[in-house]
Every structure is written in structure tokens, then in C-alpha cells.
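The values are calculated or read from the model by the stated rules, or taken from the named source; none is laboratory data. Remember, it's a predicted structure, so these values are computed and weren't measured experimentally. Because the Cβ atoms are built from the backbone with ideal geometry, glycine has one as well, and the counts that use them run over all protein chains shown.
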Amino acid sequence: MEKISISGGKPLFGKIRVSGSKNSSLPILSCSLLTDKKLTIKGVPKLTDTFFFLELLSSLGVNISNINKSLRSQKLILQAKNIVNNKAPYDLVKKMRASILVLGPLLARTGKAIVSLPGGCAIGTRPVDIHLKSLEKLGAVVSIEDGYIYASAPKGLRGNKIVFPKISVGATANTLMASVLAKGITEIVNPAKEPEIIDLGNCLKSMGAKIDGLGTNKIVIQGVSSLKESAYHVMYDRIETGTYALATAITGGEIELLGAKKEFLNSFLNVLESIGIKYFVTDKSIIFKRNSNILYPVEVTTEPYPGFPTDLQAQLMAVMSIANGVSLITENIFENRFMHVPELIRMGANIKLKGNLAIVEGVKKLKGAEVMATDLRASVSLILAGLAAEEETNIGRVYHIYRGYQNIVENLRQCGAMIKRIKI
Ligand code: EPZ
């Protein structure tokens, strides 16, 4: 076990290379199940989430070789010549709930999939009803027994019109991957428009899938009989980019994020400017800088893309806890994504909750404290708070952080943060 210890109060100055997107990499890795040909994927971040996902894919029969042992990212060659197992067992799925993303591809490739229900997590019950209803619309027979999803389509999947009752990133990914090999045309109405879904769609198109309308209110897929060998580079991680930009905001420094692109960050950048942070786009990076000592309060509601991302809500709240005024932050995507609030309050923040609204009254200074990480983004908001707090902050259960942030301690330390891992 480890904890992270931070002595706060120092502005950050330096450069950080942004990783490949975790939330793009996971569904894109799953595409390897759709074909017996090779799929080379570059830029996969080294995270516990991607490690566990590769472990699951390997158990299903995907041969994986990592031909780039560089510190920063992985170049992987995946090939599922034969699917040797159609079951994603609970002991693997419980480690990584995004394992549900093997359901659609397994069903499309073999006509059968048995996947443990992923269960909930700290931020919510995380149901998968939209995933299952979509696969049924494609002709699958789906049942749930003893905590497992049983899905079968012995005669293959058939294209259909699917209207999502609400926007779901994961359900869009599963339906997209299942439909590329279905017979006929599939329309997905009200799909997720997240950049990671566009990235997934572009990877599938590079494999020969016929997909139109990515990023719009209707995606149209013309099923094909098979997919071909391909090589694809996952997009940069926009949530990691936003996290480090907010680290600059809370410490008052200047950080250049190499590999970051303005594309896909507009709603976040608008909020960043309104709180008083400047940014400068170069051809290979974005430079973030806090100009004055004042951080301005803000009213933000998390929404599906292109709205403000829920995955940056906790990090923004940490910054607003030392803003010059009252901020209103509404969480509209998950029912329990305020786990960071009690921990921030222990560090001296003044936050009141009313349902899915957090009323954040800025204080002059945060104080270091012993705090506990609960989920990926709540945990990193505690790192941000610790970077600004006086004295020392110790964060426990840091395994949550390593799920989604590659080299975060090393990255922050090279920018001047007094931060270290401590074995406990
Ligand atoms: C993806 O989760 C991301 N995870 C999440 O990032 C992200 O917060 C979320 O999308 C929203 O952008 C990955 O990509 C691996 P949803 P996902 O299906 O697909 C409800 C992180 O920190 N819903 O878009 O699980 C659901 O309960 C993680 O990197 C149903 O009701 O999110 C939620 O309220 C956290 N039925 C809302 O929809 C369903 O069948 C959005 O969930 C599916 C979802």
C-alpha cells in the first residue's frame, strides 16, 4: 500500500507530456475482439485500468505483444485469432467496471457472451440497462442470472434503429462495436458525442467499418462481413489535460502540456478563462498560466459532451474552494459524485450540498490534512487541494489515482511540487 504526501503552497512551473486517453484506449483495445487480424494500437497509457483490461482480453484469447517499453506509453499489437473463452468473470470485471465493453464485440464476433454485471462504484449504481436493450434491438437474446449477463445471437446480429433514452458513453461504445458486423444498417439515435466515442469510431473505420455521423445526434452503421488489419493512435487524454490545467490554477503557476490540443476542450477552456486562467495554444501544446492572485467564482453544470465534463467536476471544485466568492457546481451525470466534498471540508473548504448542487464559498487558504481517496477523480482533486494547502497533506488509498493518471507524482514533482509516494 502507498500514500501520497504533499507539502503545499508552491506554484508549479514546467512541462508535462499528456498521456493517451484512458477512456479512448479501453473501448479501442476491445475492438481487437472483432477480428482475427492484427490491431496495432499506439499511445495506450500505462495505467492499472489498461493493465487489467489487457489481462481480461488475454483471458478471452487475444494475443498481446507490447513492442514499446517506453516510460510514457505503450505500442501494443493485439490479435484474437480465436476466441478461446466467452466469459468475462467477476474477479476480473470487479477490478475494472469498464470490462462491460467486451460484451458487444464478443457477441458480434462469436454470437455468445457471458459478462459479469460490473456493479456500482463510489460515484453511482452505474446500471447497464441501455447497453442490454440496445443489444436486444440488434437481435440478441439477453438474460441476467446469478450476477452475470448472458447474451446470445447464434444467427448473428441484425441492424436496427436504436433510440437511446439518455446519453450513455459506454452503451454507445458497446452498440457501435456490436453493429459494425451486424447484417444491414443500424442507426443509433441520441448517441454520446464524446471525443472518445469519435476516436473509437475512427479506429473502427480504419479497420474497414462503415460508419457515418460520429459526433452528431445520429450515427449510421452499414454492417460488414469482416474487418481488416489496422494500426491506430489513440487521442490525447483531455481529462488529464484539464486536471493539470486546474493544478496550475490552484497553485498559481504556469505549465505547458505537450500533446494537448484545444480541440475537444472548448467548454472546459471557457470555464478556465472565466475563473481567471490564461491559455496559449502552440502547434504542439497548450500553455496554462494563472495571471493574478484572484480566482473568480463560477457557476457550472456537468453535461454530456460538448458540455462541461463530469470527469473534471471534482478537480474544478478543489480550485473553487479558494476562489474569491461563491461558486455553484451542479453534478448532472452521476448520482453520487461528491465523495471529495467531505475530504475537501476536512482541509478547510466551505462547501454545502443541496442534492446535486454544491455551494462552494471560497476560503483564503486550505489546510493540510490526512484525507482518503474514494474514486479516481475525487482522489486527484485531493492532490490539487494538497498542492495549494499550507503544511502537509497525506492521501490514503492512492490506488484509485493510479487507475487513471500515469506518472502523476513524477510529473508534478518535475514542475516543483513537494510531492512523494510513501510506502505504508
Ligand atoms: C464513461 O462512463 C466514462 N468511463 C466515465 O469516466 C465518464 O464519467 C462517463 O462516461 C460520462 O462521461 C469510461 O469511458 C471508461 P455513461 P460510462 O454510460 O460509460 C447512466 C472516469 O473518471 N446509465 O455515459 O459508465 C449512468 O448511470 C470515468 O474516467 C444508465 O442509466 O458513463 C450515468 O448516470 C468515471 N444506464 C449516465 O447514464 C446505462 O445502461 C452516464 O453514464 C448506462 C448508463
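Couple of notes before you dig in:
- Against the list (1) at pLDDT 95 or above; (2) near the ligand (Cβ under 9 Å from one of its atoms), the condition GLU335 fails is (1).
- Any chance GLY362 is within 16 Å of the ligand (Cβ to nearest atom), surrounded by fewer than 20 Cβ atoms within 10 Å (Cβ to Cβ), modelled with pLDDT of 95 or more and of a type in the set (Gly, Ala, Ser): no
- Residues satisfying the stated conditions in region 254-313, i.e. closer than 30 Å to THR172 by Cα, of a type outside the set (Lys, Arg) and part of a loop (DSSP other than H, G, I, E, B): GLY259, ALA260, GLU263, PHE264, LEU265, GLU303, PRO304, TYR305, PRO306, GLY307, PRO309
- Checking region 23-46 against the condition returns a match, with at least one residue being polar (S, T, N, Q), within 24 Å of LEU204 (Cβ to Cβ) and in contact with an Asp or Glu (Cβ under 7 Å, 6 or more places away or on another chain).
- Under the condition of being of a type in the set (Val, Ile, Thr), within 16 Å of the ligand (Cβ to nearest atom) and surrounded by 22 or more Cβ atoms within 10 Å (Cβ to Cβ), the residues counted in region 280-323 number 1.
- Only residues that are more than 24 Å from THR248 (Cβ to Cβ) and either free of Cβ contacts under 8 Å to residues at least 24 places away in the same chain or among the hydrophobic types (A, V, I, L, M, F, W, C) (or both) were counted across region 1-50, and they come to 10.
- The number of residues in region 226-279 that are within 17 Å of the chain's Cα centre (by Cα) and of a type in the set (Phe, Trp, Tyr) comes to 4.
- Count of residues meeting criterion [in contact with a strand residue (DSSP E or B) (Cβ under 6 Å, 6 or more places away or on another chain) and among the charged types (D, E, K, R)] in region 175-215: 5
- The condition of being among the hydrophobic types (A, V, I, L, M, F, W, C), in contact with a Lys or Arg (Cβ under 8 Å, 6 or more places away or on another chain) and farther than 24 Å from GLY404 by Cα holds for only one of LEU78, LEU106, LEU47, that being LEU106.
- Failed condition for MET372, given (1) over 20 Å from the mean Cα position of the chain (by Cα); (2) under 28 Å from TYR399 (Cα atoms); (3) at pLDDT 95 or above: (3)
- Some residue of region 212-222 being modelled with pLDDT under 95, in contact with a helix residue (DSSP H, G or I) (Cβ under 8 Å, 6 or more places away or on another chain) and not β-branched (Val, Ile, Thr): no
- Each residue in region 112-135 was checked for being within 12 Å of the ligand (Cβ to nearest atom), touching a strand residue (DSSP E or B) at 6+ places or on another chain (Cβ under 9 Å) and aliphatic (A, V, I, L, M), and 4 of them qualify.
- Test: residue in region 200-218 that is over 26 Å from GLU263 (Cβ atoms) and of a type in the set (Val, Ile, Thr): no
- Hits in region 99-129 (condition: in contact (Cβ under 8 Å) with a residue 24 or more places away in the chain, surrounded by fewer than 20 Cβ atoms within 10 Å (Cβ to Cβ) and either in contact with a helix residue (DSSP H, G or I) (Cβ under 9 Å, 6 or more places away or on another chain) or part of a helix (DSSP H, G or I) (or both)): THR110, LYS112, ILE114, LEU117, GLY119, CYS121, ALA122, ARG126
- Of residues in region 136-170 being under 19 Å from ILE114 (Cβ atoms) and out of contact with any strand residue (DSSP E or B) (no Cβ under 8 Å at 6 or more places or on another chain), the one farthest from the ligand (Cβ to nearest atom): LYS155
- Taking residues in region 130-156 that are at positive phi, and partners anywhere that are part of a loop (DSSP other than H, G, I, E, B) and within 15 Å of the ligand (Cβ to nearest atom), the pairs with Cβ atoms closer than 6 Å and at least 6 places apart or on different chains are GLY147/LEU117.
- Among the residues of region 86-94, some residue qualifies, meaning at least one is within 16 Å of the ligand (Cβ to nearest atom), within 19 Å of the chain's Cα centre (by Cα), surrounded by fewer than 17 Cβ atoms within 10 Å (Cβ to Cβ) and of a type in the set (Lys, Arg).
- Flag for ILE345 being within 14 Å of the ligand (Cβ to nearest atom) and either of a type in the set (S, T, N, Q) or surrounded by fewer than 23 Cβ atoms within 10 Å (Cβ to Cβ) (or both): no
- Elements of type strands (runs of 3 or more DSSP E) contained in region 317-406, each with 1 or more residues being charged (D, E, K, R): 350-354, 357-361, 370-372, 392-396
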